[in-house]
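Throughout, read-outs are computed from the coordinates displayed, never taken from laboratory work. Bear in mind that the values here come from a model prediction, so they are computed numbers and not experimental data. Heads up, the Cβs are rebuilt from the backbone with ideal geometry, glycines too, and the neighbour counts pull from every protein chain shown.
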Amino acid sequence: MCSADVQSRFKLTCDRCLGDYLSDVNEHLDLIFTKEEDDEKDDNIVLLSQQDIDIDLLPHVREALILSIPFKKLCSEDCKGLCITCGADLNHEACTCKNEEPDPRWEKLKELKKSLESAEE
Ligand SMILES: [Zn+2]
Ligand SMILES: [Zn+2]
């Protein structure tokens, strides 16, 4: 049994404003190393071959870290993103474009249209 706390810092690109930001990741790993083949399949169980003497933790650590990267990457929860018209980073500057909020009624209609389209397939 091997436990490891991994701390890492990733440089990620925000999906909304396309700016780089640093994300701290703290992962706790519990790995069980065994040389006996077991029916029990568990992500934490690492099967070693009989010849294995050294255990290479790095691939497991790397895998855990990659999995911990959020699917949706935002530099902050309330990132304002880029203006769709002029491309200004709205976190830093206010632009003069008038981007109106989409009317929720239109969104509903669009959804309805989409579900009709997918029903036809
Ligand atoms: Zn952002
Ligand atoms: Zn703008």
Pull out a ≥ b ≥ c, the square roots of the eigenvalues of the alpha-carbon gyration tensor of the chain, then state rounded if a/c is under 1.5, prolate if not and a/b is larger than b/c, and oblate in the remaining case.
oblate
For segment 1-100, which GluC sites (Glu not before Pro) are both in a DSSP coil and crowded by at most 14 other Cβ atoms within 10 Å?
E36, E37, E40, E77, E93, E100
By how many degrees, between 0 and 90 and to the nearest 10, does the Cα long axis of helix 58-68 differ from the longest principal axis of the chain?
30
Surrounding net charge for V6, when Lys and Arg each add one and Asp and Glu each subtract one, Cβ distance under 13 Å
-3
Using a 10 angstrom Cβ neighbour count of at most 12 plus a DSSP loop assignment to flag exposed trypsin sites (Lys or Arg not before Pro), which longest range of the chain is free of such sites?
1-34
Calculate how steeply helix 104-120 sits against the longest principal axis of the alpha-carbon atoms of the chain, using the helix alpha-carbon long axis, and give the answer as 0 to 90 degrees to the nearest 10.
60
The chain - mean residue ellipticity at 222 nm from DSSP helices (-39,500 (n - 2.57) per run, n ≥ 4, rounded to 500):
-7500 deg cm²/dmol
